[in-house]
Each structure stands twice: as C-alpha cells, then as structure tokens.
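Structure first, commentary second.
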Amino acid sequence: MKCHCGGLLRFDLQHLQDAVRLGLRDDVSLFWKCMVCGRTRKSDESYPLSQVVASLERFTTPIDAQASRR
Ligand SMILES: [Zn+2]
C-alpha cells in the first residue's frame, strides 16, 4: 500500500497504543502514515481493539519487555 505521493505507508502504532492506554473497547480503524509527506490514511474497516492488539503482538515487542531486559 502506497501514499498518493508514492511514499511508503507505515502502520501507525502510536494511534493504537493511545487507544489501548485510554481503554477504548469500541472498534478501531487502522491508521497508516506516510513516511515521506506525513499524510495519514485510515482503513475503511474497523476492528475490535483487542483483536488488533493481539495480532500486533505477534510482530512487535511489547515496550514493557524491552524495558525489563535492560
Ligand atoms: Zn505521502
């Protein structure tokens, strides 16, 4: 998936982490952010937050685990 400007879109993890911190239980949309122009793109569908977080944890290292390893 690419931005209109041709830049690479990266998954906006920050947005989800904020939702988790706020304790949102509603469905959330996925956000992608362009690394070139900074434009964000929202997915058309929304998913239950718990489901999104569970799938994210498969390929991201939890911040807590990084901190305790130091
Ligand atoms: Zn762009």
Exception for Trp32 within (1) at pLDDT 85 or above; (2) more than 16 Å from the ligand (Cβ to nearest atom) falls at (2)
Please verify whether segment 32-41 includes one or more residues that are touching a Leu at 6+ places or on another chain (Cβ under 9 Å) and assigned to a helix (DSSP H, G or I). no
Checked pairs for segment 1-18, first part of a loop (DSSP other than H, G, I, E, B), second more than 13 Å from the ligand (Cβ to nearest atom), C-beta under 9 Å and 6 or more apart or across chains, list as Asp12/Leu30; Asp12/Phe31
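The values are calculated or read from the model by the stated rules, or taken from the named source; none is laboratory data. Since the model is a prediction, treat every value here as computed from it, not as a measurement. As a convention, Cβ positions derive from the backbone with ideal geometry for all residues, glycine included, and neighbour counts pool all protein chains shown.
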